[in-house]
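Below is one structure, written out as C-alpha cells; comments come after it.
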Amino acid sequence: MRSHKPTTCGTLLSLVFILTACIQHAPAAYLEESGDHRRPEVVEPPIVIPPRPRPGNALTRLAGQVEVGSPTSYRGLTVFPLVMRRPAGGRDIRTLDEALNRDWIVIHEKDRATVSELRVRNDSDHRIFLMSGEIITGGKQNRIVREDVLLGPRSRFVSVPVYCGEKERWTESTGSFSSPRTMADLSLRQMSSKSESQEGIWREIEGRMDAAKVQSRTRNYQQIFEDKEVNRRLSDYVSEFRRCCGGRTVGVVVMSGRRIVGCDLFSDPRLLSALWDKICRSYALDPILRPEPYREQFRRHDGRAEDVRRFLDRIQHSGFSGAGTPGEGSRLVVRGAAEGDALLWRDRVVHAALFPGHTIRPMRRR
C-alpha cells in the first residue's frame, strides 16, 4: 500500500508558501490605507459667481425703475407723471433762470460773434444746468440752447451750442443776455436732438409764426410766447398740469390720445419741478397752434398707463452712442425704438428728452 505523506507534505509546503506571500504583502496594503500615507481627498474648489455687471446705462436703469402715475388730461394732451419711490437727491444743480436772477452766470457773444455759439461762464459754487430748448434773449440775436449743458462750479468760459431764434437781426440790442422763462416747442426740441440744421430750424419757426399769426420784423420766435392770446392759453395748460409735478415725480410722458408725444426724465425731482412750467409750455404750444389733430386724437382714444410703460420698456432696446458735451458729464444719443438724447453726470441722468422712434403701436384693449 502506497504512502500519502509526500503528497501531504507537498500540500502543506504549498499552503505555507501562499500564507508567507500574503503576510509579506499585507503590511504594504495596510500602510497604503492608514496613517499619513493615505491619499489626500480630492476637494473641488468652490464655484465663485462674480457679481453681475450693472445692466444698460443710467438712462435705461432709470426708465426701468420709475412707476407710471395717474394721468391728467386737458385740451388734447394727457400727462402721465413718472414717479420714484426713493428719488435721488442731494445734487446741487441749479437752473439757468436762477443763475441769471442771482448773477451767478455770465453770457457773452464770442470775440468774433457767430450764430451757433455763445460763451458762458459760471461764477457760482453751484452747478448750472442749461436745458436744450431754453430761450436766451439779447446779444446780436435771440438764441435757443441746442443741447443740454452742465456748467461746473467756478467754470471758465464754455462755448455753448445754440440756434438762432431771430433770423432778421444781427445787431447788438442790449449789453446783456436774459431768459424770458420760455422754451422752444416740442417740434423744435425734437429737431435739435437730431442735430437739425439752422435752416431747418428757421423753416419751422416760420411755420410756427404763420400759424400763430404773429408779425415780427426780425422774425423773432420769442414773440409767439409774448402774444397775449397765446400766453393766456399757455398759462391755462400750466395751471391744469401743475398738479402732475409732485415731490417724487422725476419725469413725464405726454400723450395725445394713444399717441406718445414726448418724454422728459430727470434723476432729481427738484430739477424737474424748477423747470416744469417751461416744459409744460413747450408741450402745449403745438396743440394751441394746431388744435385739430390733437382734438381728433383725444376724441377717438384715451391714453393708458400700459402704453406709457411699453414706451419706457422700449428705451431698453434702443441704440446708444456717446457724444461730447462742452460742460461736465457726457451726452448719450438715443436712436431706434426711442429717440432723443440724455445728459449723464456721475452715473445719473441730469435730463433726458425722448421721443417715439420706430412706430409704437398702441396696445390692444383686452
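Observations, loosely collected:
- Share of pairwise Cα-Cα distances greater than 14 Å in the stretch 208-267 is 69 percent (whole percent).
- Computed Rg/Rh of the stretch 146-250, alpha carbon atoms with Kirkwood Rh: 0.99
- Cα-derived Rg over Rh, computed across the stretch 193-345 with Rh taken as Kirkwood radius: 0.97
- For Gly357, residues with placed amide H under 5 Å, excluding near neighbours: Ala338, Glu339
- Taking θ as phi - 60° and the Karplus parameters 6.51, -1.76 and 1.60, the scalar couplings of the stretch 265-277 work out to 9, 10, 7, 9, x, 5, 5, 4, 4, 5, 9, 4, 4 Hz in sequence order, x denoting glycine and proline.
- Order of Ser159, Ser176 - criterion: other Cβ atoms within 10 Å of each residue's Cβ, fewest first: Ser176, Ser159
- Of the trypsin sites (Lys or Arg not before Pro) found in the stretch 124-179, the ones in coil according to DSSP and having at most 13 other Cβ atoms within 10 Å of their Cβ are Arg154, Arg156.
- Looking at the stretch 250-338, none of the chymotrypsin sites (Phe, Trp or Tyr not before Pro) sits in a DSSP loop with at most 16 other Cβ atoms within 10 Å of its own Cβ.
- Arg217 sits among other residues whose Cβ lies under 12 Å from its own Cβ, and their net charge, with Lys and Arg +1 and Asp and Glu -1, is +1.
- Potential extension, Val115-Thr72 segment - 0.36 nm per residue separation minus Cα distance: 11.6 nm
- FRET efficiency, 1/(1 + (r/R0)^6) with R0 45 Å, evaluated for Gln65 and Trp202 via beta carbons: 0.70
- 3J(HN,Hα) from dihedral phi, the stretch 192-209, Karplus parametrisation 6.51/-1.76/1.60, rounded to Hz, x for glycine, proline: 5, 5, 9, 6, 4, 6, 4, 4, x, 5, 4, 4, 5, 5, 4, x, 5, 5
- Taking other Cβ atoms within 10 Å as a rough exposure proxy, Asp148, Asp286 sort from fewest to most as Asp286, Asp148.
- Each peptide in 349-357, 111-119, 234-242 receives the mean, over its residues, of other Cβ atoms within 10 Å, and ordering these scores from highest gives 349-357, 234-242, 111-119.
- Convex hull (Cα only) mean projected area of the stretch 62-205, reported in nm² to one decimal: 10.8 nm²
- Proxy reagent accessibility, fewest Cβ within 10 Å first, across Thr249, Thr182: Thr249, Thr182
- Net lengthening on full extension, Ser321/Asp210 (0.36 nm per residue, minus Cα-Cα): 36.3 nm
- Cα-based Kirkwood hydrodynamic radius, the stretch 122-163, one decimal, Å: 10.9 Å
- Ellipsoid equivalent to the stretch 58-356 - semi-axes via the Cα gyration tensor, in Å: 28, 24, 17
No value in this document is a laboratory result; all are computed from the given coordinates. Keep in mind it's a predicted model, so treat the numbers as computed, not measured. Cβ: placed from backbone, ideal geometry, glycine included. Neighbour counts: every protein chain shown.
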